[in-house]
Amino acid sequence: MIEPDDYLIETTLPEDKPTGKRFPVFAQLTVLGLILAVIFGISYAPAFITGKKTEDAHKQAVAAPLVIAEETIKTIPTLEGITISAKAAYVYDVRAKRALYSKSPDTVLPLASITKLMTALIAHELVATDKTVIVPKAAVSQSGSSGISEGERFTTAALSKYAVLASSNDAAYALASAVGAVIDPTKNPNQTFVKSMNIRATELGLTHLHFLNPTGLDVSTTEAGAVGTAREVSFLMEYIVDKYPEILKPTTVASARVYNADGLYHDAENTNPIINKIPNLLGSKTGYTDLAGGNLTIAFDAGFNRPIIITVLGSTYDGRFADVQKLVTAVTKALAAE
């Protein structure tokens with residue numbers, strides 16, 4: 001989904017310059033299965049083999065960010081008596097490893113642009129953040145133009161920033177094509193990238209997440225570009241918050257400038273209008289299509305390094321924001337009352 005149009009303004013003084021990634025590019029590997037097995041398979045093999053979908057499986061697949069003695073974790077009561085518009089929701093206490101609220105948490109629903117979290121994650125793990133990408137024609141033909149031009153050059157970090165902050169479909173597609181070409185230069189880069197998204201989801205134990213494209217756009221009037229559950233979206237969000245919080249950092253501001261490689265910039269507006277109403281926001285991602293309705297996932301610190309993940313799926317365009325605000329308020333009140 002794309003919010004209001006962006007503008008291209010000439011400048012010769014870039015505001016920020018992405019730094020080089022600490023991992024090498026795996027361009028020399030050309031077999032997708034081998035690449036993904038090497039990159040992803042070893043650490044997460046137990047989750048892949050067992051196929052568990054519960055919190056227990058998730059604990060095996062994703063390590064807790066910090067080890068805190070059980071007695072030091074203040075219990076947050078389960079949230080009761082809350083009515084929301086969303087078809088599904090999940091509120092997850094990362095430290096306590098327990099659900100505080102759930103509504104149809106394992107119902108598979110369209111993800112819309114929440115898909116871009118996985119797109120950004122794969123790109124971050126596979127290529128250098130300062131790799132230069134030339135935007136292909138197929139990227140700018142995606143629905144909801146964000147002002148990017150064919151042939152324009154960006155770093156992968158800049159494209160990722162644009163994709164998660166402004167939910168730019170152009171940026172997400174261009175990013176996926178570039179990374180797909182690195183994974184296997186002999187095959188369709190976009191299809192290769194989508195395969196890697198699905199393999200990565202399985203390796204993380206998120207077996208209900210399934211992707212058909214890197215943007216989350218509906219494929220047709222009856223088929224979504226990606227599907228998943230509120231529970232597993234929350235677990236994906238937790239993984240990114242823990243391992244690569246820099247991916248989500250752009251989503252904590254109302255707007256930002258995204259520079260291309262020639263020193264020109266695009267003004268990008270956050271698609272989440274309630275970021276200033278969420279205390280200690282760690283990251284968020286919106287999603288909206290005709291099939292999905294309104295989706296939103298956020299991570300915030302409820303206090304004293306207590307990350308909480310909230311995901312709502314299948315709400316309305318405005319209802320997703322009201323739903324999340326209601327759940328954030330309930331969590332903070334419950335924690336304060338204890």
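Just a few scattered comments:
- Computed over the range 228-277, Cα set: Rg, Dmax in Å: 13.9, 41
- Rg [Å, one decimal], Dmax [Å, integer] - the range 130-289, C-alpha atoms: 15.4, 47
- Which listed pairs, of K161/K249; K97/K243; K161/K285; K249/K285; K137/K249; K87/K277, have C-alpha distances above 19 Å, in listed order: K137/K249; K87/K277
- Within-12-Å neighbourhood charge of A88 [Cβ basis; K, R +1; D, E -1]: +1
- For the range 146-207, the alpha-carbon radius of gyration amounts to 1.19 times the rule-of-thumb value 2.2 N^0.38 Å expected for a compact globular protein.
- Summing Cβ point charges (Lys, Arg +1; Asp, Glu -1) relative to the Cα centre of the range 184-338 gives a dipole of roughly 260 debye.
- Accessible carbon and sulfur surface of the range 182-338 relative to its total accessible area, %, 1.4 Å: 52
- Accessible area (Å², 1.4 Å probe, nearest 10) - D106: 70
- Kirkwood hydrodynamic radius (C-alpha pairs) into Stokes-Einstein, the range 156-244, 10 °C and 1.306 mPa s, D in µm²/s: 116
- Packing rank of 288-296, 131-139, 112-120, where each peptide gets the mean count of other beta carbons within 10 Å, highest leading: 112-120, 288-296, 131-139
- Placing a pseudo-label 7 Å from each Cα along the Cα-to-Cβ vector at F304 and A99 gives an inter-label distance of 2.7 nm.
- Positive minus negative residues near T115 (Lys, Arg vs Asp, Glu; Cβ under 14 Å): 0
- With semi-axes defined as the square roots of five times the eigenvalues of the C-alpha gyration tensor, the equivalent ellipsoid of the range 202-317 measures 23, 21, 15 Å, largest first.
- Computed from point charges on the beta carbon alone (+1 for Lys and Arg, -1 for Asp and Glu), the dipole magnitude for the range 246-338 about its Cα centre is near 280 Debye.
- Charge tally for A172 (other residues, Cβ to Cβ under 12 Å; Lys, Arg +1; Asp, Glu -1): +2.
The values are calculated or read from the model by the stated rules, or taken from the named source; none is laboratory data. Note that the structure is predicted; figures quoted are calculated from it, not measured. For neighbour counting, all protein chains shown are included, and Cβ atoms are generated from backbone atoms with ideal geometry for every residue, glycine included. With ligands, DNA and RNA removed, areas are computed over all heavy atoms of the protein, side chains included. Shrake-Rupley method; radii C 1.70, N 1.55, O 1.52, S 1.80 Å.
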